[in-house]
């Protein structure tokens with residue numbers, strides 16, 4: 001994995017005030033890979049994604065992209081080929097679907113290029129075409145999640161950080177979202193780092209993950225091994 | 001015995017009938033699963049039932065008493081209903097402990113300052129926070145909790161209120177396996193103590209495990225009701241709600 005690694009976290013520690021939210025977290029996401037973040041509620045999964053994206057300052061440790069260390073600054077991340085899709089379909093409800101997609105291209109200077117990217121992204125999300133002029137707040141939960149994913153693709157990221165993409169979605173829509181993630185990964189070679197609790201669906205996307213507890217990575221590697229050790233731990237408790 | 005009776009309920013937002021002639025009965029001391037695709041109108045029915053939205057047309061009876069909520073915000077407290085929301089509605093600037101203490105107060109601003117100090121309230125808060133494994137976080141600001149922990153805190157407030165009817169809007173969303181187990185056991189405890197529980201939920205494993213029967217909604221209408229295992233294996237329900245297995249597509 002090290003040879004074609006895209007993103008590396010090396011002993012990253014981050015705090016919320018005086019509370020140590022991440023404690024020497026190390027992880028790797030390969031080029032074109034989907035890696036998973038698992039763990040109990042409050043274990044730090046969302047915090048890992050926010051820290052990588054520069055929403056939480058790093059206290060110690062380093063983050064590197066293609067082996068080159070960088071300091072994450074949130075508004076510069078789209079230029080560094082990163083996209084973050086937050087928990088709970090964080091779209092702009094008062095703006096139209098089209099305007100939401102345009103915002104996804106804020107880091108692109110040419111209007112023509114933004115329009116071109118929107119048209120390319122709509123090829124991946126044809127269900128959004130008929131919704132372009134509708135206010136995003138009026139879309140269903142599934143449509144909003146598709147819009148959030150589509151928006152993250154406008155700036156042509158190499159890696160998408162995805163927090164609970166199936167939260168609040170019905171089983172059928174959740175499966176459609178996972179199919180779309182798989183399609184984007186396979187066709188566009190985009191890497192994903194995904195935090196979710198839906199273990200059945202996650203195993204469809206990837207077999208490699210990291211298990212966090214109290215801000216530390218306690219297990220990593222093959223999902224089957226993580227599940228096995230995790231359930232052993234539960235039994236031991 | 002019928003605890004909640006809903007008759008020909010209708011609600012329109014703009015030009016869309018979000019709830020369209022919806023009728024259902026919820027029986028006392030049962031767990032009813034309320035399921036359906038996103039946007040089918042489940043949360044709106046619950047909002048009408050709890051007075052968050054006004055009713056356009058139709059009747060709701062709770063313990064055979066007609067609820068007239070043409071005006072917003074019926075007094076849920078007097079109807080002995082407590083509920084959670086899809087997006088947890090907690091007080092971010094208050095501690096975890098204070099978030100539970102506040103629901104134990106009578107609804108009077110002045111007396112609420114003194115009521116929080118009552119020994120009964122303090123022991124009740126400790127009891128429920130220990131049950132949901134948040135006692136260790138009691139001094140933390142609610143705004144600093146993760147999404148799952150916020151859901152659990154809202155759940156704890158319902159436990160503390162000890163009402164006859166408990167309504168949970170997606171209580172398992174965003175929860176990890178261990179926490180799901182704790183929450184499902186607490187829901188079964190509520191039933192065992194005589195409560196009526198309504199669960200809006202997309203996690204079908206939990207619905208099959210917990211619910212005595214299910215109501216299925218689609219496009220604002222009730223399309224099926226009955227035993228979970230029977231209803232959720234029907235082809236029409238699979239088509240509109242569950243979808244195909246991931247590997248089949």
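The values are calculated or read from the model by the stated rules, or taken from the named source; none is laboratory data. From a predicted model like this one, the values you see are computed outputs, not experimental measurements. When we count neighbours, we look across all protein chains shown, and the Cβ atoms used for this are built from the backbone with ideal geometry, even at glycine.
Within region A:61-80, residues that are in contact (Cβ under 8 Å) with a residue 24 or more places away in the chain reach partners that are surrounded by 11 or more Cβ atoms within 10 Å (Cβ to Cβ) and in a helix (DSSP H, G or I) with beta carbons closer than 7 Å, at six or more positions or on different chains, in the pairs A:63/A:52; A:65/A:80.
Residues in region B:67-100 that are more than 21 Å from the chain's Cα centre (by Cα) and modelled with pLDDT under 80: B:70, B:71. Looking across region A:182-203, the residues that are within 11 Å of another protein chain (Cβ to nearest Cβ) and touching a residue at least 12 places away in the same chain (Cβ under 8 Å) come down to A:182, A:183, A:195, A:196, A:197, A:198, A:199, A:201, A:202, A:203.
Considering region A:10-22, the residues that are within 12 Å of chain B (Cβ to nearest Cβ) and assigned to a strand (DSSP E or B) include one that is nearest to the chain's Cα centre (by Cα), namely A:21. Picking from residues in region A:23-40 that are outside any strand (DSSP E or B) and surrounded by 22 or more Cβ atoms within 10 Å (Cβ to Cβ), the one that is farthest from the other protein chains (Cβ to nearest Cβ) is A:39. In this structure, does residue B:131 turn out to be surrounded by 16 or more Cβ atoms within 10 Å (Cβ to Cβ), more than 14 Å from chain A (Cβ to nearest Cβ), under 28 Å from residue A:37 (Cβ atoms) and in contact (Cβ under 8 Å) with a residue 24 or more places away in the chain? Spelling it out, residue B:131 is indeed surrounded by 16 or more Cβ atoms within 10 Å (Cβ to Cβ), more than 14 Å from chain A (Cβ to nearest Cβ), under 28 Å from residue A:37 (Cβ atoms) and in contact (Cβ under 8 Å) with a residue 24 or more places away in the chain.
When the residues of region A:132-181 are filtered to those that are assigned to a loop (DSSP other than H, G, I, E, B) and within 7 Å of another protein chain (Cβ to nearest Cβ), the one that is surrounded by the fewest Cβ atoms within 10 Å (Cβ to Cβ) is A:140. Screening residue A:7 with (1) within 12 Å of another protein chain (Cβ to nearest Cβ); (2) within 23 Å of residue A:106 (Cβ to Cβ) gives one miss only, at (1). Cβ-Cβ under 7 Å, sequence separation 6+ or interchain: first residue in region B:41-63 and buried (at least 19 other Cβ atoms within 10 Å of the Cβ), partner modelled with pLDDT under 85 and in a helix (DSSP H, G or I). Which pairs? So the pair list comes out as B:50/B:76; B:51/B:76; B:62/B:79. One residue alone among A:74, A:43, A:5, A:110 is more than 22 Å from residue A:194 (Cβ to Cβ) and at pLDDT below 95, and that residue is A:110. Of the residues making up region B:134-141, not a single one is at positive phi and within 11 Å of chain A (Cβ to nearest Cβ).
Comparison of B:4, B:46, B:31 shows that the only residue that is farther than 28 Å from residue B:147 by Cα and at pLDDT 90 or above is B:4. Total residues in region B:159-198 satisfying the condition of being free of Cβ contacts under 8 Å to residues at least 24 places away in the same chain and closer than 22 Å to residue A:37 by Cα: the figure is 3. Is one or more of the residues making up region A:210-222 modelled with pLDDT of 85 or more, in a loop (DSSP other than H, G, I, E, B) and touching a strand residue (DSSP E or B) at 6+ places or on another chain (Cβ under 6 Å)? Yes, that holds for at least one residue.
Residue selection: residue A:71 fails the criterion of being within 21 Å of residue A:158 (Cβ to Cβ), out of contact with any strand residue (DSSP E or B) (no Cβ under 6 Å at 6 or more places or on another chain) and within 14 Å of chain B (Cβ to nearest Cβ).
Screening residue A:101 against (1) away from every other protein chain (no Cβ under 14 Å); (2) crowded, with 16+ Cβ neighbours inside 10 Å; (3) over 30 Å from residue B:206 (Cβ atoms); (4) at pLDDT below 95 leaves a single unmet condition, (4).
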